[in-house]
Amino acid sequence: MSEDIEIINQNTRIEKIKNFFSNNYKKLIGGLIIILLFLFSYFGYLEYKKRQKAEIAEIYNQITLKELTTENVSDIKKLIEIIEKKDPIYSALSLYFIVENKLVNDKKEINNLFDLVIDSQVENELKNLIIYKKALYNSDLVSENELLEILNPILKSESVWKSHALLLMADYFAYNKNLIKSKDFLEEILNSETVNNEIRIEAERRLKRSSGG
């Protein structure tokens, strides 16, 4: 008797499954098609990004093997185009190459390129590094408030670059003969939780020297 009931229950379950597939055939096929399209699109996008990165790398390597000057307009334009593509690695490398070789003299344009590179970064510490490099580039060009505004994202964080930013501000004020503000930033380095050990030693040395010790 129990075996008969089990057979009936099993047949009922099979019938329910058949009815479910029969009644939802179109929905199931549609859902499957959507999943397949999503997978094809996703892997297609990954392949596209992989090819794009390889193309960017090849262009960057070809250009940076040359000795460029400001007269190499076409190559400089290609480097700027790489920056505009916002590849996290090659946008930063292209900007560094432009700055180090003084290929663009317009400071405003360089700062706009810095902003593009900063915006292209996903990893916070890499972003902070580029913010620091932007501040370093501008340190002898801008006012105190402008330099602080550039460094603000780092100064308000516990980034590994915070001590570098504090030392840069200390250098800025020392250069401008404002020794009190310079001392304030040196003391902040000593109070920072993420201070670089070499920078800590340098800050201690400067504070000791300023106090006549």
(request) Give the order of Thr69, Thr64 when sorted by the count of other beta carbons within 10 angstrom, beginning with the fewest. (result) Thr69, Thr64
(request) Could you sort out which of Lys127/Lys156; Lys53/Lys133; Lys133/Lys181; Lys107/Lys162; Lys77/Lys107 sit more than 20 Å apart by Cα distance in this structure? (result) Lys53/Lys133; Lys133/Lys181; Lys107/Lys162
(message) Give me log10 I(q)/I(0) at q = 0.16, 0.27 Å⁻¹ for region 81-147, Debye formula, one equal scatterer per alpha-carbon, no solvent.
(response) -0.49, -1.28
(message) Past the 26 angstrom mark, what percentage of all C-alpha to C-alpha distances in region 40-183 do you count?
(response) 34
(request) Could I have the simple spin-label model distance between Asn145 and Lys181, label points 7 Å from Cα toward Cβ, reported in nm to one decimal? (result) 1.1
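Once the convex hull of the C-alpha atoms of region 153-198 is built, how many Å³ does it hold per residue, rounded to a whole number? Before the final figure, lay out each step's value.
On the way: hull volume 3.0 nm³, N = 46.
In region 153-198, the Cα convex hull volume per residue is 64 Å³.
Rule-based calculations on the coordinates, nothing more; no lab input. Remember, it's a predicted structure, so these values are computed and weren't measured experimentally. Cβ: placed from backbone, ideal geometry, glycine included. Neighbour counts: every protein chain shown.
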